[in-house]
Structure formats: structure tokens, C-alpha cells
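Below is one structure, written out as C-alpha cells, with a few remarks after it.
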Amino acid sequence: MANTQELLTALRERRSIYGISKESPISDERIQEIIEEALKHTPSAFNSQSTRIVVLLGEQHDKLWNITTDVLKAIVPADQFASTQQRMDGFRAGYGTVLFFEDMTVVEDLQKQFPLYQDNFPVWAEHTNAMHQLVIWMALQAEGLGANLQHYNPLIDERVKTEWALPESWKLVAQMPFGKIVAPAGEKTFKPVADRLKVFK
């Protein structure tokens with residue numbers, strides 16, 4: 001019972017935190033340990049284990065958001081870029097970023113092995129990735145780190161793969177900047193659960 005309550009508490013306390021700083025209440029080794037455990041034990045369709053993760057800390061984290069800023073500067077009108085720059089500065093202000101990928105070679109191999117389900121495997125890969133995102137988000141929050149989830153893919157995909165020499169088959173799915181919480185999340189509203197849940201006995 002206690003373990004279930006702890007899990008639900010972690011889920012409830014997971015929020016989108018944008019006020020983050022270049023500090024961490026836990027060591028880099030602990031961050032890596034958390035992500036390794038999540039990567040190892042989060043389920044995947046057909047036990048495909050198709051999710052790939054890159055953790056960027058320190059200057060590498062800054063580099064990601066500098067790259068993203070450069071890419072966006074080329075496509076966002078100059079007179080509208082101030083708000084974009086503010087967002088980029090907020091993400092760069094964090095301690096690190098978790099990059100979530102799916103290895104499409106694994107997905108394509110499954111499509112060949114099980115042609116009856118070939119249309120479903122890309123969808124199931126997205127489900128798998130989403131579970132990794134939530135598990136890591138909850139775990140970081142439980143350790144006192146705030147995080148938020150961004151999706152600047154596919155705009156930055158090629159620059160990211162080139163910069164960190166990543167396999168071409170890795171498809172970028174999401175980016176999760178994180179750091180010490182310096183400003184709380186805003187109030188969260190909920191639609192009635194009764195409208196979203198049906199129980200039949």
C-alpha cells in the first residue's frame with residue numbers, strides 16, 4: 001500500500017517546471033543511475049527495447065539549446081523572435097537535457113518479422129517512448145529536479161545527430177530540459193474524472 005501511494009504521489013507531483021537553474025540536488029552519477037534504471041525496466045512492445053536516450057550535461061546541454069536557437073532564428077521572423085529567445089534562454093538555464101529517441105532499425109525489423117502488425121509498430125514505438133518520458137520525468141521530480149518536455153524535432157534532428165555523432169536510424173522524439181526548481185509550476189486544472197472514466201462490474 002505504501003509503495004502504491006509513493007508511486008501515485010510521484011505521479012501527482014510531476015509537473016511542467018519552467019523555472020529551472022544550472023544546479024542539481026543530486027550528483028551526475030545519480031542522474032545516470034536513474035535513467036539507466038528507467039531505460040532497463042520501462043516496458044516496450046514485443047520487448048523491442050527500441051528507445052534510445054542521450055543525456056547532455058554542462059556545456060553539452062548549453063550547446064543543444066544554442067543549436068536550437070540558431071535553427072529557429074533562421075525560420076522565425078525577426079520581429080517575433082524575442083519570445084522564442086526567451087524560451088530558449090529558459091531551457092538553457094537548466095542543468096541538463098534528456099534527449100529521447102527511437103531506433104527505427106528496431107522498428108523496421110519488427111515490421112518485417114510481423115507484417116500483420118507492420119502499421120502498428122511505429123505507433124507502439126511512440127507509446128514506448130512516452131512511457132520512458134513519464135518514468136524519467138517522475139523520477140527526476142522525486143529527486144528534487146524540475147523538468148519540462150519539448151518537441152523541436154524534426155527541425156533540429158540533423159544538427160543533433162551530427163553534433164553528437166549519433167546513428168542515422170535514431171529518430172528524435174522529445175527533449176526534456178531539467179534543473180533545480182527556482183519557480184513552481186502554475187495551478188493545474190482537471191476535467192471531471194467522471195467524464196473520462198467508465199467502470200463496469
Exercise for the section: Any chance you could list P(r) for the chain, counting all Cα-Cα pairs in 5 angstrom bins from zero, rounded to whole %? Expected result: 1, 7, 14, 16, 18, 16, 12, 9, 5, 2, 0, 0
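Please go through the stretch 19-66 and write out the GluC sites (Glu not before Pro) that DSSP classes as loop and that have at most 15 other C-beta atoms within 10 Å.
On the way: sites: E23, E29, E33, E36, E37, E59; in loops: E23.
Of the GluC sites (Glu not before Pro), the ones in loops of the stretch 19-66 whose Cβ has at most 15 other Cβ atoms within 10 Å are E23.
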Practice task
Under a cut-off of 21 Å between alpha-carbon atoms, report the lysines in cross-link reach of K40, not counting same-chain residues fewer than 8 places apart.
Solution key: K171
Exercise for the section: Would you work out which of Q141, P167, T105 lies farthest towards the positive end of the dipole of the chain, given +1 charges on the beta-carbon of Lys and Arg and -1 on that of Asp and Glu, about the Cα centre? Expected result: Q141
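Compute the whole-percent fraction of alpha carbon pairs in the stretch 91-187 spaced more than 17 Å apart.
On the way: 2726 of 4656 pairs.
Summing the P(r) tail past 17 Å for the stretch 91-187 gives 59 percent.
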Exercise for the section: Would you mind telling me the share, in percent, of accessible area of the chain contributed by carbon and sulfur at probe 1.4 angstrom? Expected result: 55
Practice task
Rounded, prolate or oblate: pick one for the stretch 69-130, where a ≥ b ≥ c are the square roots of the eigenvalues of its C-alpha gyration tensor, a/c under 1.5 means rounded, and failing that, prolate if a/b is larger than b/c, else oblate.
Solution key: prolate
Practice task
Just grab the label-to-label distance for Y117 and K22, each label 7 Å out from Cα along the Cβ direction, in nm (one decimal).
Solution key: 4.6
Handout entry: Paired Rg and Dmax values of the stretch 1-70, which use every Cα atom, in angstrom
Key = 15.7, 49
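Helix-only estimate, please: 222 nm mean residue ellipticity of the chain, summing -39500 (n - 2.57) across DSSP H runs of length 4 or more and dividing by its residues, to the nearest 500.
Details: 7 runs with 92 residues, N = 201.
Counting only the DSSP helices, I get -14500 deg cm²/dmol.
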Handout entry: Residue order for Y117, Y152 - accessible surface, 1.4 angstrom probe, largest first
Key = Y117, Y152
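The values are calculated or read from the model by the stated rules, or taken from the named source; none is laboratory data. Keep in mind the model is a prediction, meaning the values are calculated, not measured. Neighbour counts run over all protein chains shown; Cβ positions are idealised from the backbone, glycine included. When the accessible area is computed, the model is the full protein with side chains, heavy atoms only, and any ligands, DNA or RNA have been set aside. Shrake-Rupley method; radii C 1.70, N 1.55, O 1.52, S 1.80 Å.
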